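The values are calculated or read from the model by the stated rules, or taken from the named source; none is laboratory data. From a predicted model like this one, the values you see are computed outputs, not experimental measurements. Counting neighbours? That spans all protein chains shown, and the Cβs are built from the backbone with ideal geometry, glycine included.
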Amino acid sequence: MFETLAEAALMIMRFDVLAMIAAGMCLGIFVGALPGFTTVMAMAVVLPISFFLEPILGIPFLIGVYKGGIFGGSIPAILVNIPGTGAAVATTLDGPAMTRNGQSRKALEIALVASAIGDFLSSFGTILVIGLIAAIALMIGPPEIAAILILSLLIIVVSSSGSFLKGMVMLFIGMSIAMVGQDPIGAMVRFDFGFHALQAGVNLLPLIIGLFAIPEILFAIERRQGSIVTAERTRPEGERLRWGEFRRSLRTILRSTALGGVIGMIPGVGQVVSAFMGYSAAKNASKTPERFGKGELEGVAAPEAANNAVNGPTMVPLLTLGIPGDNITAILLGAFVAQGLRPGPQLFQDQGVLVYAILLSMLVACVLLVIIGYLLTPVFSRVVTINKAYLVPLMLLFAVAGTYVYRSNPMDLYFMIAFGVFGYAARKMGFDVTPLVMGFILLPPLEYAVGQSVLLSRGDLFGYLIGSRPITVAVVILTPVLIFWIASRQGRRTRAAKRAVRDQRAKEEEAAGRTD
Amino acid sequence: MKPIKKTVLALAAALGLAATPLAAQDYPDRPITMIIPLGAGGSHDLNARVITSVLPEYLGQPVVVQLMPGAGGQTGTAAAAEAEADGYTLLFTHNFIDQLQQHVANLPYDPNESFVSVARVNSAQPVLVVREDSLYQSWEELVEYGRENPGELRFGHSGNWGAFMVPGLALLNEVDVEATLIPYQGGGPVMQALLAGDVDFTFAFPSVLAGQDLRPLLVVGEDQIVEGVPTTTELGFDIVSDIGIMHRPVLAPAGVPEERLQVLRDAFAKLNENETFQSLMGRLGENTAHVDGAEYDKLRQRQSDEYADLVSSFSQ
């Protein structure tokens, strides 16, 4: 295997390969940063270009677009609270708060570093144990997906800011909205209230843009300052990421990477789930959990590392079985096939060097991402220093255009405005909308997985689970234990932190009293 | 004004863009939108990328892909039905959305009244597959087991009333076997379920068949595309052959001016002769069995009747 790897490494160490990855990456970052344009769209549009290039140029080019697009998606999430995808929603928990504190550049840099490390390590691990991951991926079927989704939903509620009850309310609202349209198993229309426009259900993009961007715009108007940044800073775009801060975040980044690497084996919803799991785990492990949600550096590092750590395992079913797990890998499959490479068990035997070269190009792309991102962040981070009189209308323009451009459906604009008003009211009343978004994103796959599990069991669900689904049983048993542990730990920590703050203040007052 | 127009035309001709017939000089004079009622990354998206990279050679204008997924294809189809019938909006769809949806959902359009065919670009024949280590060596063995154990066989398909459920259901009707139907979200997930042993059989398109640990048992359609595997036509299941294969047609809103429709039909006919197009489609594992729009329109009416029968047989 090492000979193959060495040969593969020689294959990609060419200037034109690097240039193609870099070109794709710049394209991906800019397209990903525009709300409404997804990485999938960018890849689909440039796919024909790869048809006419040799495989070692064409596929790394697409990989560049892919990696750039994912990082690009975090940029508006951090700067103006517009998450372009479900995977970026967790980044909005602390990213925009950092921006308001005048740390937009620092936030972008930690997102960049965390993404690149998460991605690099997961891709590297994938290359080493690709066979093992392929074997595990086949053991994850509908019952396992259902069990893991239920666990994640509970973790999200337990660790959302605000009370448990408020979290549950939002979760159920999100789940109810997701039920509008056709049911996933029987394709029967439900909750459409007789409107044809509702038959297609509510789309994710108007929901998240409405819930996050519109309230942000309204709050920006309410605050009477010249720019979005509220804190006084000497440098307009804010300070850089310091080495010490990076060192401190490294634990979080590695934890998120491990989580993302494992969750990445779940097809379809891996990115969203792992971003939130990474965030929750970081908050849970932190000595200062109360700072999360108020502009905590690790609160940006955790979801970014986690959702990028999914990338390695996602490629496994594609390469080993020729099965695309999501839309991005479906496009890559198209690119492979058009090059005469048919992913599947035989590809490694016939074209081992080329496949490893493509895998290595994923590692190279991570390194290039750090370099290109590092050069581009000063440009992006300046966006928030634009005078508010111009920036707020621009944000509104991007919110509206981003919603419409996704599938050109005017209904989506009404939805966006409605969710915007709802999101504003919810935030004013101290409700965290994150559980709503999670419920909305995770209910359809959960419903699907439960329905499939029932059909697969042919009438005897318990017998089926106990008899042939050991992983599901393990997850189901583990769920209450884990939830209880997190909840109790969090309660204890919050109380301890409050006490610490009180003690600190008392000490300071005492000290102040002495110097007087 | 005139000299400018002449210069532009001359320029276009020099660039090899003005290959359209003289009568249709004015059309198209701006980009054409091609709506796909499906999501990014699927087989229609990939096919469309090939079409739109070659078609402009014959139309002299770019063709822009617009993805409008939702409600099993209804969202995009409804948008195309409402679009102006001026030849600047086309719909790239498949027969199951086009002709089957009307029998299982309330549509705001009538497919046969709202659209006319420009061309059928290509077709794909699904192949019934089991795992390589499966007990079933042949189609007959699968049927035999299914008859003796009603409801025991697990048939995984790629989505309700989609490209795998329809031929599967039609086949099960023909041989009178009762199976448990389990929907998956697309061809990828259902193939993974088959390889994991969660389902007993499913379908695969020839483009994904090669290099997999699969055993093909039956080819849907007329052409024997897998050596040594019988086709539904050979076995006498003519209805299955007829309605079970996937057609990928390009439609235009009804009422599009006759001469513009002809420009489009000619362009697709020429597209099919193009060597780049042929080789790219070949690489994607797709055929280029072009059928002219006028002829395909006749087929659509017949599909509609046969799907109506299929749906009523399932709901009983």
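Can you pull out every residue in the range A:448-478 that is at pLDDT 90 or above and acidic (Asp, Glu)?
Hits for the range A:448-478: nothing passes.
If I filter the range A:53-62 for residues that are more than 14 Å from chain B (Cβ to nearest Cβ) and surrounded by fewer than 24 Cβ atoms within 10 Å (Cβ to Cβ), do I get at least one hit?
Looking for residues that are more than 14 Å from chain B (Cβ to nearest Cβ) and surrounded by fewer than 24 Cβ atoms within 10 Å (Cβ to Cβ), one finds at least one in the range A:53-62, hence yes.
Could you list all residues from the range A:406-457 that are surrounded by fewer than 18 Cβ atoms within 10 Å (Cβ to Cβ) and away from chain B (no Cβ under 14 Å)?
A:Leu413, A:Tyr414, A:Ile417, A:Ala418, A:Val421, A:Ala425, A:Arg427, A:Lys428, A:Met429, A:Gly430
Tell me the helices (runs of 4 or more DSSP H) entirely within the range B:238-286 that contain at least 3 residues that are of a type in the set (D, E, K, R) and away from every other protein chain (no Cβ under 14 Å).
B:258-273
Out of curiosity, is A:Glu216 at pLDDT 85 or above and among the acidic types (Asp, Glu)?
Criteria met by A:Glu216.
Considering only the range B:166-198, state which residues are within 18 Å of the chain's Cα centre (by Cα) and either among the small types (Gly, Ala, Ser) or modelled with pLDDT under 90 (or both).
B:Gly168, B:Ala170, B:Gln185, B:Gly186, B:Gly187, B:Gly188
Got a sec? Which of A:Val40, A:Val46 is under 24 Å from A:Tyr356 (Cα atoms) and in contact (Cβ under 8 Å) with a residue 24 or more places away in the chain?
Unique residue meeting the criteria: A:Val40.
Starting from residues that are closer than 16 Å to A:Val450 by Cβ and in contact with a helix residue (DSSP H, G or I) (Cβ under 6 Å, 6 or more places away or on another chain), keep the ones in the range A:165-185 and report whichever is surrounded by the fewest Cβ atoms within 10 Å (Cβ to Cβ).
My answer is A:Ile185.
Just one of A:Ala137, A:Ala87 is within 14 Å of chain B (Cβ to nearest Cβ) and over 30 Å from B:Val63 (Cβ atoms); which is it?
Going through A:Ala137, A:Ala87 in turn, just one is within 14 Å of chain B (Cβ to nearest Cβ) and over 30 Å from B:Val63 (Cβ atoms): A:Ala137.
For the range B:82-94, what are the residues that are of a type in the set (Ser, Thr, Tyr) and surrounded by fewer than 24 Cβ atoms within 10 Å (Cβ to Cβ)?
Within the range B:82-94, B:Tyr88, B:Thr89 qualify.
Pairs under 8 Å by beta carbon, first residue under 15 Å from A:Gln490 (Cβ atoms) in the range A:158-185, partner among the aromatic types (Phe, Trp, Tyr) and part of a helix (DSSP H, G or I), six or more apart or different chains?
Going by the 8 Å Cβ cut-off, the qualifying pairs are A:Val158/A:Phe164; A:Ser159/A:Tyr279.
Can you find a residue that is outside any strand (DSSP E or B), surrounded by fewer than 22 Cβ atoms within 10 Å (Cβ to Cβ) and among the small types (Gly, Ala, Ser) anywhere in the range B:127-140?
yes
From B:Ala79, B:Ala71, B:Ala10, B:Ala19, which residue is modelled with pLDDT under 75 and surrounded by 20 or more Cβ atoms within 10 Å (Cβ to Cβ)?
B:Ala71
May I ask you to list the residues in the range B:95-119 that are over 14 Å from B:Ser304 (Cβ atoms) and crowded, with 24+ Cβ neighbours inside 10 Å?
B:Val118, B:Ala119
Of all residues in the range A:113-170, how many are in a helix (DSSP H, G or I), in contact with an Asp or Glu (Cβ under 8 Å, 6 or more places away or on another chain) and closer than 23 Å to B:Pro189 by Cβ?
So the answer is 1.
Only one of these is within 14 Å of chain B (Cβ to nearest Cβ) and part of a helix (DSSP H, G or I): A:Val367, A:Val355, A:Val384. Name it.
A:Val355
I need a count of the residues in the range B:48-85 that are under 21 Å from B:Gly255 (Cα atoms), within 12 Å of another protein chain (Cβ to nearest Cβ) and part of a loop (DSSP other than H, G, I, E, B).
1
Here are A:Gly322, A:Gly293: which of them is within 9 Å of chain B (Cβ to nearest Cβ) and more than 19 Å from A:Thr85 (Cα to Cα)?
It is A:Gly322.
Residues in the range B:86-104 that are acidic (Asp, Glu) and in a helix (DSSP H, G or I): how many?
1
Of the residues A:Ala338, A:Ala305, A:Ala330, which single one is modelled with pLDDT of 85 or more and either small (Gly, Ala, Ser) or out of contact with any Gly (no Cβ under 9 Å at 6 or more places or on another chain) (or both)?
Just a single option satisfies the conditions, and that option is A:Ala305.
Determine if the range A:121-128 includes at least one residue that is free of Cβ contacts under 8 Å to residues at least 60 places away in the same chain, within 30 Å of A:Gly344 (Cβ to Cβ) and surrounded by fewer than 24 Cβ atoms within 10 Å (Cβ to Cβ).
Yes: one or more hits.
Quick one: in the range A:2-48, which of the residues that are surrounded by fewer than 17 Cβ atoms within 10 Å (Cβ to Cβ) and among the aromatic types (Phe, Trp, Tyr) is farthest from the other protein chains (Cβ to nearest Cβ)?
A:Phe15
When the residues of the range B:145-192 are narrowed to those that are without any contact (Cβ under 8 Å) to a residue 12 or more places away in the chain and surrounded by fewer than 21 Cβ atoms within 10 Å (Cβ to Cβ), which ends up nearest to the other protein chains (Cβ to nearest Cβ)?
Per the criteria, the residue is B:Asn149.
Return the residue satisfying two criteria in turn: it lies in the range A:461-495 and is touching an Asp or Glu at 6+ places or on another chain (Cβ under 8 Å) and in a helix (DSSP H, G or I), and of such residues it is surrounded by the fewest Cβ atoms within 10 Å (Cβ to Cβ).
The selected residue is A:Thr494.
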